[in-house]
Ligand SMILES: [Zn+2]
């Protein structure tokens, strides 16, 4: 490993609109924590930075849905996630948030520096503006009819029915989700980071300079830089939730969440440094610092392209040495989904498996989605626990300490004459250490965990080969040597597994009655001195039985059933309206007097309706479901005061209310008994 004076390790800032689950742990936080714990054990100067990402549209949308403020949302999930990380031993030096004062100041200053250096392009464009709410509308705040599939509830950035990506001006009949009114196009100015100008820099820095990066990361960067091509990206938004754009003419604008979030790493470091009385600049602005970003694959472009361009153009900052992004973790063959509740939630895991944090850490690391998407299954967790943690690690440790208790009253016996097997076994410890280091430093954490477990395998093999339990009578001197060596292996294990299984390492130190051993002592064969008294021992791991796993599978089966029952096609409730909004609609009961097909159309019927108020013509798209003759005389609900429209040359006044089934078939909405035409519906 290249020598650095210090390390700055960041883990993706989780978005504070929901709780974290096993997918997050496996992809980002467990790997980052393992790496950091390793560095700390080596005595490196390291700071491990994370926090909640609390700005952006999804948070304001969720707040609207729940009828609370964005602050309520982020306060809730900041606390939940902070606790979940702490429960699983993710050892951040700081877990702060992007709504902090320090962050607003840091992000503003960063923007100002780039602005002062004339890095940004300023561009005006036409964007939708809600005149009633007096604000510009983010793409997600506009709905309208999709020009491709006629879905009436398409969003300004995408139609979720046909999947087409849209821009707000593509929508037919755009509507503001805030006031429900029709937005107007209005000029607005935004600041753009001209990524295209830095293509050469990125080619040089990543494509030529960092060929050692993980294949999935390097490949995605290459495709952005070479195939897709970089374009200027707006770093400001018209929104009232976020860091205000610190320029006079930017009233009502905030920094785009993807501009402010990575600066959160910097502001969180500053906050930490103030508390610890350290110099934060050494970690961010000194070439002798090694910065590594741990992220999921969906964040590669932001951490490898956009943020580095920001850092580079600012001029004072270092760039990351590596960005070991992972792929995604699935659950029992299906994509993890918050809305379908298809996830293992961390707090639920702890309720069902108290004290088994390390079992989950082990399983997630052993099965981490390092090179491709991977699957978490409960059977795999059971197998890894029973066949590896219990049968290999637990078994070896247990035999070492129990035999020492039995033969030597828990005191470490002295070594005497060593056999060839003894010497070879002891020499192997340093070899295993080197392989763990090599894998860890190249971000192959699954491999490094497997290598660490090899030390327990070595111990088991040693005991099986030497059989101390059969020698106690015939050769007690040799048994002393064997148990001494077994205990030295156990002591080495307590450090070697510590980055992966911190709770287990602590327990192991308790069994051996020792303080944690630094990493550089691994490989030494005199970690425990003769006559050292061991501590109180117990079991490191216990078997997980089939019925426990069956319970978890049953839980998932129930979720699946509920998801099937729940009609996925039911559209979510529309935004709240006032009573006034409702009472502006004039809905009456009418009777169909005449009905005929509109020539040269498939769907349209021309209806003559007695509304009590008048007899009027309504054109309705119901011809596929009704014969004209069969509906004459039917009572229907009519929206009376909808503005008149001319359809196929016929003036249509008002609209008939219909209930639409999932398959698109239609039924009239009608009173349950006969009422006079003109009766109001309210
Ligand atoms: Zn569509």
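A few notes on this one:
- Summarising the label geometry, the points placed 7 Å from Cα in the beta-carbon direction at residue 196 and residue 543 lie 6.6 nm from one another.
- Rotationally averaged projected area of the chain (alpha carbon convex hull; nm²): 37.8
- On Cα atoms only, tilt of 395-408 relative to the major axis of the chain in degrees: 30
- Residue 66 paired with residue 655, simple spin-label distance in nm, labels 7 Å along Cα-to-beta-carbon: 3.2
- Separation between Cα centres of region 57-135 and region 178-207, rounded to whole Å: 18
- Projected label distance in nm at residue 676 and residue 596, using a 7 Å step from Cα toward the beta-carbon: 3.1
- Contact order for the chain, expressed relative to its length and based on alpha carbon pairs under 8 Å spaced 6+ residues apart, stands at 11 percent.
- Fully extended contour minus Cα-Cα distance, from residue 124 to residue 461, at 0.36 nm per residue: 114.2 nm
- Taking the longest Cα principal axis of the chain as reference, the axis of helix 357-366 is set at about 80 degrees.
- Peptide packing for 77-84, 640-647, 18-25, 574-581 was compared via the average number of neighbouring C-beta atoms within 10 Å per residue; ordered from the highest value, the list is 18-25, 77-84, 640-647, 574-581.
- Relative packing of 5-14, 99-108, which averages over residues the other C-beta atoms within 10 Å, highest first: 5-14, 99-108
- Rounded tilt (10° steps) of 546-565 against the dominant C-alpha axis of the chain: 10
- Beta bridges from DSSP with both residues in the chain: antiparallel share about 75 percent, rounded to the nearest 5.
- Efficiency of FRET between residue 223 and residue 603 - r from beta-carbon atoms, R0 41 angstrom, step 0.05: 0.40
- Residues residue 550 and residue 87, FRET efficiency given R0 of 35 Å [Cβ-Cβ distance, rounded to 0.05]: 0.90
- Counting beta carbons within 10 Å around each of 557, 384 and listing the fewest first gives the order 557, 384.
- Panel order for 565, 501, 202, 195, by other beta carbons found within 10 Å of each beta carbon, from fewest to most: 565, 195, 202, 501.
- Packing, taken as the mean count of other beta carbons within 10 Å per residue, orders the peptides 490-499, 333-342, 58-67 from highest to lowest as 490-499, 58-67, 333-342.
- Relative contact order for region 285-387: 28 percent, from Cα pairs under 8 Å spaced at least 6 residues apart, divided by residue count.
- Spatial separation of Cα centroids for region 467-512 and region 319-352, in angstrom: 35
- Efficiency of FRET between residue 561 and residue 642 - r from beta-carbon atoms, R0 45 angstrom, step 0.05: 0.60
- For the pair residue 281 and residue 109, the difference between a 0.36 nm per residue extended length and the Cα-Cα distance amounts to 60.5 nm.
No lab work stands behind these numbers, since they all come straight from the coordinates. This is a predicted model, so every value here is computed, not measured. All Cβ positions, even for glycine, are placed from backbone atoms using ideal geometry, and neighbour counts span all protein chains on display.
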